[in-house]
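Following: one structure in structure tokens, then a few remarks.
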Amino acid sequence: MAWKFFDEPVDMVEQRCRYFPHLFRWRGQRYEVETVDRCWTVCRSDWRRLERRFFRVQCTEGTFELYQDLRTGIWHLRRARLASSRVVPLRQVAPVWQ
């Protein structure tokens, strides 16, 4: 499973502890973060200002590398390793009544 680069904006719907991604929307589909594998920041060359905060996360659909531009607050999907060639949206399962 190879990384595919996108670098597209995403809508961060929900965060854990107002920091970690929990639920995001990309290309009209919703993705729920199961685990955060890694978190790191990238600074400007002068090392005085933070520029981006990165998160490598696991979802049912695959592994995603998200980042938040700390100057603008906008979230992006940098790259992804999709579990299958087709991205499957998060689905709500209705309870079965007996």
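What a 1.4 Å probe finds exposed on the stretch 33-85 is 42% carbon and sulfur by accessible area, rounded to a whole percent.
Simple spin-label estimate for ASP7 and SER84 gives 3.0 nm between the two label positions (7 Å along the Cα-to-Cβ direction from each Cα).
The values are calculated or read from the model by the stated rules, or taken from the named source; none is laboratory data. Just so you know, these numbers come straight off a predicted model, no measurement behind them. All Cβ positions, glycine included, derive from the backbone under ideal geometry; neighbour counts span all protein chains shown. The accessibility values were calculated without ligands, DNA or RNA, using every heavy atom of the protein model including side chains. Shrake-Rupley method; radii C 1.70, N 1.55, O 1.52, S 1.80 Å.
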